[in-house]
């Protein structure tokens, strides 16, 4: 019997890769993520405030580095350490992947859960972290970055 999929995040409604990529393509178009716009992305990230989304950039000395980024759906807030934000604004691929991953949680409609329901019959398409990685990967491809299946290690 094949081994069951082990969730890396919360269990969410299943979403096929084709749907995730469509949402990512629309987000990339709306925010101007493209091959010509790989630098000075601070202007792009500032657009989030117009949608009522808070981007909380935390001083590296205050960030605990338990994770590399965090999205709080209850407060519509993305929090990242300052070094990640600054590097993402300059188009550094790994930092940009983290920012896009957190945006993925937002645009894919992930909600906070009171439990981690991931033990029985889990599928990749139900993993919030897989979905957010796939969202980030789709936009990185649109921007012309080489991507392999992302599996961002947010805990180290």
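General observations
Yes/no matrix, rows are residues, columns are (1) closer than 20 Å to residue 72 by Cβ; (2) touching a strand residue (DSSP E or B) at 6+ places or on another chain (Cβ under 7 Å); (3) modelled with pLDDT under 70:
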position: 117; (1), (2), (3): yes, yes, yes
position: 121; (1), (2), (3): no, no, no
position: 126; (1), (2), (3): no, yes, no
position: 138; (1), (2), (3): no, no, no
position: 141; (1), (2), (3): no, no, no
position: 147; (1), (2), (3): no, no, no
position: 150; (1), (2), (3): no, no, yes
position: 156; (1), (2), (3): no, no, yes
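- Selection status of residue 76, surrounded by 15 or more Cβ atoms within 10 Å (Cβ to Cβ) and within 15 Å of the chain's Cα centre (by Cα): no
The values are calculated or read from the model by the stated rules, or taken from the named source; none is laboratory data. Please read these numbers as outputs of a predicted model, since none were measured by experiment. In this analysis, Cβ positions are derived from the backbone assuming ideal geometry, glycine residues included, and neighbour counts consider all displayed protein chains.
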